[in-house]
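Asks: Take this structure, written in structure tokens, and hold onto it; I'll ask about it next.
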Amino acid sequence: MQELGEMQSGLRLSQFGLQERERLSARCVPIVQLGEPTIRSMLKLFKSTYENVDDAVFRRDLSAKSHVILVRNQALRLRGFSTLTIWPHAFEGREINLLFSGDTVVDQSAWGHQALPVAFLSAAGNLRTADRSRSYYWLLTSKGHRTYRFLNLFFYRFWPQYSSSLEYEEALARDVGARFFPDRFDSSTSLLRGTELGRLRAEIAEIPNKDCHRPDVQFFIERNPGYAYGDELLCLAELCPKNMRPFARRVFQLNYDRKCGA
């Protein structure tokens, strides 16, 4: 398994013109390095966002990942996390790597904070430098509109995209869904039906009035009407500088340019 690396300790959000309400730090660490207290904190935070969570299923799913991004405040209290793993895949004669984002939870007090997105992009930049012979795609199974909106925040091209139809990405998504999620994937909708890991709590799943008329939010609801019951929308975006919007590209290229000379 390739190393995703860690977010640099000196990386600050102010470098990218972002303001910090609370000083948070993020690190990408191997799952095998997690201690029991950290796992219990992750489970507690997960249960604050999801209901009907089975502890054993959560731990089993966690052990199947390779890394996790941990977000903490200055008192070292866990404010968020996102699990990651790399899946090699072949499609239409091309060898690609999928960077799969599993469980992602952010404490409500840290909603809108950019520590986790910055750490993800930094880790992805590290990953992309390890093997330039393959294409890399971010694989996201979106349980809610907040995670889906990151695609438009980061990328120019992603699938499914409310403003355009991308035939290659759609075909790749169907192939990925059939291979990696054979028991849950519905090829007619690109949805993963149901989940063992619980579903969003009603107050979290509810869409704020300020977001109801956003075209990307409306599109997500149309594509995944059962999101509140645990359905997930399979999403893909290529991880490369030319596909990234300026903010995402700056963070990604901190590692990509320095190590590759791109």
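The values are calculated or read from the model by the stated rules, or taken from the named source; none is laboratory data. Just so we're clear, the structure is a prediction, and the values are computed from it rather than from any experiment. Don't worry about glycine lacking a Cβ; one is built from the backbone with ideal geometry, like all the others, and counts go over all protein chains shown.
Asks: Among the numbered conditions (1) over 21 Å from the mean Cα position of the chain (by Cα); (2) of a type in the set (Ser, Thr, Tyr); (3) under 24 Å from TYR50 (Cβ atoms), tell me where SER187 comes up short.
Replies: (3)
Asks: Please go through the range 179-230 and pick out each residue that is among the β-branched types (Val, Ile, Thr) and within 23 Å of VAL106 (Cα to Cα). Quick ask: steps written out before the conclusion?
Replies: Here is the first cut: in the range 179-230, the ones among the β-branched types (Val, Ile, Thr) are 189, 195, 204, 207, 217, 221.
Within the range 179-230, THR195, ILE204, ILE207, VAL217, ILE221 qualify.
Asks: For the range 128-146, name all the residues that are over 12 Å from the mean Cα position of the chain (by Cα) and modelled with pLDDT of 85 or more. Even if it seems obvious, please write down each step before you answer.
Replies: Pass one, the range 128-146, residues over 12 Å from the mean Cα position of the chain (by Cα): 128-136, 145.
The answer is ARG134, SER135, TYR136, HIS145.
Asks: Please give the number of the condition GLU170 fails out of (1) in contact with a helix residue (DSSP H, G or I) (Cβ under 7 Å, 6 or more places away or on another chain); (2) surrounded by fewer than 17 Cβ atoms within 10 Å (Cβ to Cβ); (3) not hydrophobic (A, V, I, L, M, F, W, C).
Replies: (1) is the only condition that GLU170 fails.
Asks: Tell me, please, whether a residue that is small (Gly, Ala, Ser), out of contact with any Leu (no Cβ under 6 Å at 6 or more places or on another chain) and modelled with pLDDT of 95 or more can be found in the range 160-167.
Replies: In the first step, residues of the range 160-167 are kept if they are small (Gly, Ala, Ser); the result is 163-165.
Next cut, out of contact with any Leu (no Cβ under 6 Å at 6 or more places or on another chain) only: 163-165.
Right, trim to modelled with pLDDT of 95 or more and you get none.
No, that holds for no residue.
Asks: Checking GLY144 against (1) within 20 Å of ILE204 (Cβ to Cβ); (2) free of Cβ contacts under 8 Å to residues at least 40 places away in the same chain, only one condition comes out false. Which one?
Replies: (2)
Asks: Just one of (1) in contact (Cβ under 8 Å) with a residue 60 or more places away in the chain; (2) buried (at least 22 other Cβ atoms within 10 Å of the Cβ) trips up THR104, so point out which.
Replies: Here THR104 clears every test but (1).
Asks: For the range 147-162, indicate whether the set of residues that are more than 20 Å from the chain's Cα centre (by Cα) and either surrounded by 13 or more Cβ atoms within 10 Å (Cβ to Cβ) or touching a residue at least 40 places away in the same chain (Cβ under 8 Å) (or both) is non-empty. First the steps, then the outcome.
Replies: First pass over the range 147-162, keeping only residues more than 20 Å from the chain's Cα centre (by Cα): none.
Scanning the range 147-162 turns up no residue that is more than 20 Å from the chain's Cα centre (by Cα) and either surrounded by 13 or more Cβ atoms within 10 Å (Cβ to Cβ) or touching a residue at least 40 places away in the same chain (Cβ under 8 Å) (or both).
Here is a yes/no grid of residues against (1) modelled with pLDDT under 80; (2) in contact with a Leu (Cβ under 9 Å, 6 or more places away or on another chain); (3) within 19 Å of ALA124 (Cα to Cα); (4) of a type in the set (D, E, K, R):
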| site | (1), (2), (3), (4) |
| --- | --- |
| PHE185 | no, yes, no, no |
| LYS210 | no, no, no, yes |
| ARG214 | no, no, no, yes |
| GLY226 | no, yes, no, no |
| CYS240 | no, no, yes, no |
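Asks: Suppose we filter GLY112, GLY125 for residues that are in a helix (DSSP H, G or I) and farther than 20 Å from VAL32 by Cα; which single one remains?
Replies: Numbers: GLY112 fails: in a helix (DSSP H, G or I).
Exactly one of GLY112, GLY125 is in a helix (DSSP H, G or I) and farther than 20 Å from VAL32 by Cα, namely GLY125.
Asks: Taking TRP87 and the conditions (1) farther than 24 Å from ASP231 by Cβ; (2) at pLDDT 95 or above, which numbered condition does it fall short on, given that it satisfies the others?
Replies: (1)
Asks: Does LEU234 satisfy the criteria of being surrounded by 13 or more Cβ atoms within 10 Å (Cβ to Cβ) and within 16 Å of the chain's Cα centre (by Cα)? Steps first, please.
Replies: Values: surrounded by 13 or more Cβ atoms within 10 Å (Cβ to Cβ): yes; within 16 Å of the chain's Cα centre (by Cα): yes.
Yes; evaluated as a whole, the condition is true for this residue.
Asks: OK, next. Do you know which of the residues in the range 107-127 that are over 14 Å from the mean Cα position of the chain (by Cα), surrounded by fewer than 21 Cβ atoms within 10 Å (Cβ to Cβ) and of a type outside the set (Gly, Ala, Ser) is nearest to LEU43 (Cα to Cα)?
Replies: So, considering only residues that are over 14 Å from the mean Cα position of the chain (by Cα), surrounded by fewer than 21 Cβ atoms within 10 Å (Cβ to Cβ) and of a type outside the set (Gly, Ala, Ser), the one nearest to LEU43 (Cα to Cα) is ASP107.
Asks: Kindly state which helices (runs of 4 or more DSSP H) lie completely within the range 162-262 and contain at least 1 residues that are within 21 Å of GLU92 (Cβ to Cβ) and of a type outside the set (Ser, Thr, Tyr). Talk me through it step by step, then tell me what you get.
Replies: Numbers: elements: 167-180, 202-205, 215-223, 246-260.
Those helices (runs of 4 or more DSSP H) span 167-180.
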